[in-house]
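Below is one structure, written out as structure tokens, with a few remarks after it.
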């Protein structure tokens with residue numbers, strides 16, 4: 001399905017090998033910028049096991065995001081439309097394309113695809129300032145809590161967006 005110039009297709013097993021290097025580049029870029037480490041991300045971000053575990057979880061809906069036939073990212077959602085609640089589990093765009101509006105387009109696609117969802121939640125590392133700008137300024141989320149202690153490298157911002 002095309003939406004504002006991007007193609008969103010349900011994640012398939014064969015997409016994992018294509019998206020894993022994209023995910024690695026995206027998370028390693030954040031690791032260099034915010035953690036002063038050359039590499040880093042959630043468990044399995046660099047070997048495909050993260051996408052296998054979360055992208056194909058029974059209650060997940062995962063989308064490969066493509067631009068002109070090139071896989072540029074992925075979005076994993078956990079949607080409970082009957083409860084009007086959704087959780088953004090993961091959204092990444094290839095690091096060489098960050099800042100071009102593709103993440104915002106992906107988020108608009110999520111809201112457009114699931115109009116019954118009135119409350120969205122997600123989380124992001126407390127130290128990842130670029131993510132804060134994206135979620136708060138571009139997507140309309142608000143910080144509703146911080147978990148994980150006082151260490152900014154360990155803490156997670158809990159974010160929420162209420163629609164309507």
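Please compute the modelled spin-label separation between residue 147 and residue 111, points set 7 Å along Cα→Cβ, answer in nm with one decimal.
If labels sit at residue 111 and residue 147, their model points lie 2.5 nm apart.
P(r) for the stretch 2-162: what percent of alpha-carbon pairs falls in each 10 Å bin, starting at zero?
11, 40, 41, 9, 0
Evaluate the relative contact order of the chain (contact order divided by residue number), counting alpha-carbon pairs under 8 angstrom at least 6 apart; express in whole percent. Spell out each step's value before the answer.
Working: 288 pairs, mean separation 29.8, N = 164.
Value for the chain: 18 percent.
Classify the stretch 4-68: rounded, prolate or oblate, from the alpha-carbon gyration tensor (a ≥ b ≥ c, eigenvalue square roots; a/c under 1.5 rounded; otherwise prolate if a/b is larger than b/c)?
Details: a/c = 2.28, a/b = 1.44, b/c = 1.59.
In terms of gyration-tensor shape, oblate.
What is the Cα coordinate range of the stretch 56-142 on the first, second and third principal axes, sorted by size from largest, in whole angstrom?
So the extents along the principal axes, rounded to whole Å, are 37, 31, 22.
Could you give the nm distance between label points at residue 83 and residue 133, where each point is 7 Å from its Cα heading toward the beta carbon?
About 3.4 nm, to one decimal.
Round to the nearest 0.05 the FRET efficiency obtained for residue 163 and residue 70 when R0 = 25 Å and r is the Cβ-Cβ distance. Before the final figure, lay out the partial values.
Values: r = 31 Å, r/R0 = 1.24.
Here the calculated transfer efficiency is 0.20.
Highest first, please rank the peptides 113-122, 38-47, 15-24, 144-153 by the mean number of other Cβ atoms sitting within 10 Å of their residues.
Numbers: 113-122: 17.0, 38-47: 14.1, 15-24: 18.7, 144-153: 11.7.
With the highest mean Cβ count within 10 Å placed first, the list reads 15-24, 113-122, 38-47, 144-153.
Bear in mind that the values in this text are calculations on the coordinates, not laboratory data. On a predicted model such as this, the values are computed, not experimentally measured, just so you know. All Cβ positions, glycine included, derive from the backbone under ideal geometry; neighbour counts span all protein chains shown.
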